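Have a look at the structure below before the remarks.
The values are calculated or read from the model by the stated rules, or taken from the named source; none is laboratory data. The structure displayed is predicted, hence computed values, not measured ones. Cβ placement follows ideal geometry from the backbone for every residue including glycine, while neighbour counts extend to all protein chains displayed.
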């Protein structure tokens, strides 16, 4: 290559093949996945990445070819994201999430969880007492679309019918799965909102939890005043144990962020929000799973099982299950995912 | 692990006003990432939204056809599929695409963007989940609120909803890192990863202009900035521009064109000589930024 008089041109001619090879490997790995590369290629990639980085340093110091420097910058960045990017497979990640991450996230938010549970309980008690004293309060606690003939004016028989669906069972059963799915997507939306609102110092989340409790308390007051407290409990708890736990956890996740934003400690507000936000997001993923279970229990289980004792039994089982799964002590996971290259 | 400058010191300096950010790899090289412009973020989102709506419409049509084909018997199963499908589209579309090695939704891919962790570390699944869970608050909540109850809400509430929406939509414009609220909470940002092609080295053309020799004074007329403008002119090679630039340079360095000397050949030779000169000085640690840089 006698005609290349410039040092930078000679430098480029020497290294160019490696860059193009790296680019080809990256394009293949990005469009499909890392498994599209053979073992040899996987071993070669970090080496090529480092040689591209060193080329970039040299080029910045010695070459004034604008396109060359830009190209090496973009190539190195792409390779960097691949080499130091996510390593585990989707399946491995999901497994780790169920085995460790989710319960750990739940345990680390126990304080917020207790606060949210207390808020909801307060709501229940308050609304119960108020509706008991003056049924007119019912309207202000329960949104109209949820009433469906369960207001304080309804007769005991009407109320009983809402708990035990008997007369139009056939049509109802056909639509049960759809109903379950609808409930899941609906509740998931509410849960995500409780989480997302935590960002505003957790206040809207607290109000949401409290209000949720109020709705529940108002319902209970109506049913208990008609002597249907026991049955209503079964009707509610069969899915409610799962759903209310999920709502409380969603609120706790939101509050965790709100707390970090309000009291960041040594960190900056931004860093604190980011660190806690990631932990809280793990918990939220778990909440979605719980809401999915609750939707199935509510949509299918509650309509198929009309016996109150069985309903209570299922409620107790789910309660114990979540408690043990989330809070029972467990061994630490074997190792962190992958090395860091 | 790599560290971005903002995370390294306890009291970080204000991020620079430009969109270029330092990212030091573990090997100690600064990758100089460029953040995505707000306009690019918005376009990417609109593309994704269009894809989601398109798929939703297609799915609905297919489901309706299936309903007709089964004469209504499959109603329940179809309803489950539809509800579940729309849930996945709405909530998991962004998450699943950003979990792939490219860390970008189709909209972001088209615009050459990707999500990255702000501290330069690994982009984790919970960060992706967190930044997208926030979308519920930023986009879907106000939207569903405004559309679902459009007929029976009064103007004040509609206005409040619009203001709420605006706060989140314009949030990226009011911070230098172009973070939306979801990025803020998840510790992520969106960077450009354009796929550049390695173009020809303009100084490596077969040399048929060896006759042109420039003096040191003639080569000192310009700096790096002008050299790279000249590089682009040569790459594009628009005849009119080449002629104009050649005339300009000849005037500046006092060059008289010999017979049969083409504008392109002259620029080519001058580019090569200027680059050689500037690169030679670069090796001695002197980088002449532009023609005004006398140091």
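Observations
- Conditions (1) touching a helix residue (DSSP H, G or I) at 6+ places or on another chain (Cβ under 7 Å); (2) farther than 30 Å from residue A:82 by Cβ; (3) modelled with pLDDT of 85 or more: number failed by residue B:32: (2)
The rows are residues; the columns are (1) without any contact (Cβ under 8 Å) to a residue 12 or more places away in the chain; (2) within 27 Å of residue A:30 (Cα to Cα); (3) in the same structural domain as residue B:129 (by TED's automatic domain parsing).
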{"position": "B:57", "(1), (2), (3)": "yes, no, yes"}
{"position": "B:61", "(1), (2), (3)": "yes, no, yes"}
{"position": "B:66", "(1), (2), (3)": "no, no, yes"}
{"position": "B:82", "(1), (2), (3)": "no, no, yes"}
{"position": "B:88", "(1), (2), (3)": "yes, yes, yes"}
{"position": "B:95", "(1), (2), (3)": "no, yes, yes"}
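- Among the helices (runs of 4 or more DSSP H) confined to the stretch B:83-149, the ones with at least 1 residues that are modelled with pLDDT of 85 or more and touching a strand residue (DSSP E or B) at 6+ places or on another chain (Cβ under 9 Å) are located at B:93-98, B:106-110, B:125-133.
Condition check ((1) within 21 Å of residue B:186 (Cα to Cα); (2) within 10 Å of another protein chain (Cβ to nearest Cβ)) across all residues:
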position: B:34; (1), (2): yes, yes
position: B:44; (1), (2): yes, no
position: B:66; (1), (2): no, no
position: B:83; (1), (2): no, yes
position: B:124; (1), (2): yes, yes
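- Considering each residue of the stretch A:168-184 in turn, at least one proves to be modelled with pLDDT under 70 and away from every other protein chain (no Cβ under 14 Å).
- Test for residue B:159: is it modelled with pLDDT under 75, assigned to a helix (DSSP H, G or I) and away from chain A (no Cβ under 14 Å): yes
- When A:59, A:52, A:106, A:77 are checked against the criterion of being buried (at least 19 other Cβ atoms within 10 Å of the Cβ), touching a strand residue (DSSP E or B) at 6+ places or on another chain (Cβ under 7 Å) and either farther than 30 Å from residue A:117 by Cα or modelled with pLDDT of 85 or more (or both), A:77 stands alone in meeting it.
- Test: residue A:262 is within 19 Å of the chain's Cα centre (by Cα) and either within 14 Å of chain B (Cβ to nearest Cβ) or at pLDDT 85 or above (or both): no
- Listed by position, the helices (runs of 4 or more DSSP H) contained in the stretch B:180-295 that have at least 3 residues being in contact with a helix residue (DSSP H, G or I) (Cβ under 6 Å, 6 or more places away or on another chain) and in contact (Cβ under 8 Å) with a residue 12 or more places away in the chain are B:181-186, B:224-236, B:239-253, B:263-283.
- Search result, residues across the stretch B:13-48 that are free of Cβ contacts under 8 Å to residues at least 12 places away in the same chain and within 17 Å of residue B:108 (Cα to Cα): B:39, B:42
Okay, residues lined up against (1) buried (at least 21 other Cβ atoms within 10 Å of the Cβ); (2) under 19 Å from the mean Cα position of the chain (by Cα); (3) within 25 Å of residue A:97 (Cβ to Cβ); (4) not assigned by TED's automatic domain parsing to the domain that holds residue A:210:
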{"site": "A:229", "(1), (2), (3), (4)": "no, no, no, no"}
{"site": "A:232", "(1), (2), (3), (4)": "yes, no, no, no"}
{"site": "A:242", "(1), (2), (3), (4)": "yes, yes, yes, no"}
{"site": "A:271", "(1), (2), (3), (4)": "no, no, yes, no"}
{"site": "A:276", "(1), (2), (3), (4)": "yes, yes, yes, no"}
{"site": "A:279", "(1), (2), (3), (4)": "no, yes, yes, no"}
{"site": "A:303", "(1), (2), (3), (4)": "no, no, no, no"}
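- Filter result for the condition that a residue is modelled with pLDDT under 75, under 30 Å from residue B:171 (Cα atoms) and in the same structural domain as residue A:302 (by TED's automatic domain parsing), over A:198, A:251, A:189: A:189
- Of all residues in the stretch A:45-68, one or more are more than 10 Å from chain B (Cβ to nearest Cβ), under 38 Å from the mean Cα position of the chain (by Cα) and touching a residue at least 60 places away in the same chain (Cβ under 8 Å).
- Residue satisfying all of: in the stretch A:30-44; free of Cβ contacts under 8 Å to residues at least 12 places away in the same chain, away from every other protein chain (no Cβ under 12 Å) and assigned to a helix (DSSP H, G or I); farthest from residue A:72 (Cα to Cα) among these: A:39
- Among all positions in the stretch A:116-127, there is at least one residue which is closer than 20 Å to residue A:324 by Cα and modelled with pLDDT of 85 or more.
- Scanning the stretch B:180-220 for residues being surrounded by fewer than 13 Cβ atoms within 10 Å (Cβ to Cβ), facing chain A (nearest Cβ under 8 Å) and modelled with pLDDT under 85 gives a total of 1.
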